[in-house]
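Here the structure is laid out as structure tokens; the discussion comes afterwards.
The values are calculated or read from the model by the stated rules, or taken from the named source; none is laboratory data. What you see is a predicted model, and the numbers here were worked out from it, not measured in a lab. Neighbour counts run over all protein chains shown; Cβ positions are idealised from the backbone, glycine included.
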């Protein structure tokens, strides 16, 4: 059975479920930033993505064997244990088990850490390879924020990148795979005006963008900033008309269309050698209206 772990720092608070080590509520100054979830639209709030990000083509292949590893892996469906907690910090742990080994044949420990300050939330993902051979993996953060989050209306919201970005992103093929072509988006330098049409063909995947941070800016001028930290890729996603926008940080991404390689060969995968520990940190900050 899942339980909630609550953190606080100044007038900020955070609630994390042991189910999936998923943040369920983040409040700053009485303002709710995370969307509350709705199974009729999207039943999750801020899932942790591991050991893959995105889709695998017909599952994963390891040493000639097929494994039914689905969208974004399995961490969100697992029960984590609370390893440690302070007033403003918590660390959760998941070890491989019979269920995980049936779809991902590697021995590991996965740690998820949250560190809260009055306006900032840092999230760290860490893998420890406990097996006798190398283990491929990818990390991802997938929090959904209220759209609007500032009470000023949905229109007029935009995403402002740290640097100008290309006005195109990879097209997504059926099944969420990365197509070999690009699709244009109305990027004006470093500004992307938000509208539902942008997401009619699924997520916007910014693979290796120039920017190391971006801001989801509300009509009031308030913003939620995502600093990518150790994550090389970013994504934006919602369902058209839905009251949320996901600001995602990834180390990997979906299989390319037609990909038939081993999980070790999947683009974006990292490899932890036996006994190694790998860690990635990203941070989200609330910026009040100017």
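Based on this model, can you work out whether residue 148 counts as out of contact with any strand residue (DSSP E or B) (no Cβ under 7 Å at 6 or more places or on another chain), surrounded by 12 or more Cβ atoms within 10 Å (Cβ to Cβ) and more than 28 Å from residue 44 (Cα to Cα)? Answer is no for this residue. Among the residues of segment 60-96, the one identified as over 14 Å from the mean Cα position of the chain (by Cα), in contact (Cβ under 8 Å) with a residue 40 or more places away in the chain and at positive phi is 63.
Exactly one residue among 166, 215, 183 is part of a strand (DSSP E or B), surrounded by fewer than 17 Cβ atoms within 10 Å (Cβ to Cβ) and out of contact with any helix residue (DSSP H, G or I) (no Cβ under 6 Å at 6 or more places or on another chain), and that residue is 183. Just one of the listed residues (130, 99) is out of contact with any strand residue (DSSP E or B) (no Cβ under 9 Å at 6 or more places or on another chain), at pLDDT 95 or above and more than 26 Å from residue 238 (Cα to Cα), and it is 99. When residue 6 is tested against (1) buried (at least 17 other Cβ atoms within 10 Å of the Cβ); (2) in contact with a strand residue (DSSP E or B) (Cβ under 7 Å, 6 or more places away or on another chain); (3) modelled with pLDDT of 95 or more, only condition (1) is not met.
Within segment 25-40, the set of residues being touching a strand residue (DSSP E or B) at 6+ places or on another chain (Cβ under 8 Å) and more than 13 Å from residue 145 (Cβ to Cβ) comprises just one member, 29.
Checked against the criterion of being under 29 Å from residue 9 (Cβ atoms) and in contact with a helix residue (DSSP H, G or I) (Cβ under 8 Å, 6 or more places away or on another chain), the candidates 78, 85 yield just one match: 78. Of the residues making up segment 262-280, just one is crowded, with 19+ Cβ neighbours inside 10 Å and closer than 30 Å to residue 118 by Cα, namely 280.
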